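The values are calculated or read from the model by the stated rules, or taken from the named source; none is laboratory data. These figures come from a predicted structure and were not determined experimentally. All Cβ positions, even for glycine, are placed from backbone atoms using ideal geometry, and neighbour counts span all protein chains on display. Just so you know, the surface numbers come from the protein's heavy atoms only, side chains and all, with ligands and any DNA or RNA stripped out. Shrake-Rupley method; radii C 1.70, N 1.55, O 1.52, S 1.80 Å.
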Amino acid sequence: MGFDPRQWSPSSSTRDDRNRQNHAERVTSNVEALLRENDALRREVQRLHQQLDRLHRQQWQRPQRDADRDWNRQQPSTLVNSAQVQRWGDSLAMQPGWSVLRQHGLEQLIDQLNRSSFHYQLSLSQRLDRVVSGLGTDLFAAVGGKSTKKTAAVLAAFALYGVRASEWLDEDPRRVVAELRQRHQQGQDHRQTGSSGRRTRSDQRATDREPTGQGQRGSDAARSSALSILGLQANASQDEIKQAFRKLVKQHHPDLGGSADAFRRVKDAYQLLMD
């Protein structure tokens, strides 16, 4: 249909303009409200994202802080301190047989035990650090530069018992002194024998010699006992003896948490069988 000029009037034109204006205002108002609502939602979403990121950071940081705090609480600042060394030395000095020990003899015993250890090329400090990181370093720092009979005895205990020395020093210092006395005496006997010269079977005095049958029986009994210590049969070969010795050394070595007595028995049995 076309435009009919007969139906046009100024009032109808004004009314149409007013209606269009009102409609445009309503549309504009709705759009502005939507934009404001959209901005508010955008700000809320941004705030929630920031809060979520903050919670994630706290969640990851808290376990790390807790783990660090627990580790610091469990780990002492040093493995051995000067107060412990002083207490151990005083405790050893109160035990029977302490007066028999000599500082020089204890220092020689440390050197002897260290040379006969599993890692003979290392110093005592290096040996202990190899087993427990920082133990040897802390021990020698606690002992200090001035050596005394008490500090020498503490070091000798660590040379003898390895990482378990602190347990023996705390729980049974009497046995520690007795063991150090025994090792000290063995070292003296060994040095005296070495200085006088080792006698062979052919140059023994007549009074030292045993009847042939008795000596043979004693030798057989010692060999049988040595084989038993190594867990071997009577017809074991030298290779089997060596393999058994290596296995038992690792099992009983004091540096690796084993018994010093058992380690010494294994070593003596091996030396008897290999002579």
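Alpha carbon centre of the range 88-162 versus the range 218-275: separation in Å?
Going from one Cα centre to the other spans 26 Å.
With a bin width of 5 angstrom, please list the P(r) values of the range 226-273 as percents of all Cα-Cα pairs, from the 0 bin to the one holding the largest distance.
Reading upward from the zero bin: 5, 25, 35, 21, 10, 3, 0.
So if each residue of separation counts as 0.36 nm, and I subtract the Cα-Cα distance between Met94 and Gln238, what length gain in nm does that give?
Roughly 47.2 nm would be gained on extension.
With every protein chain left in place and a probe of 1.4 Å, what is the accessible surface of Lys247, to the nearest 10 Å²?
Near enough 140 Å² of accessible area.
Hey, rough spin-label estimate for Arg87 and Asp53, points 7 angstrom out along Cα→Cβ, what's it come to in nanometres?
Inter-label distance under the simple model: 5.2 nm.
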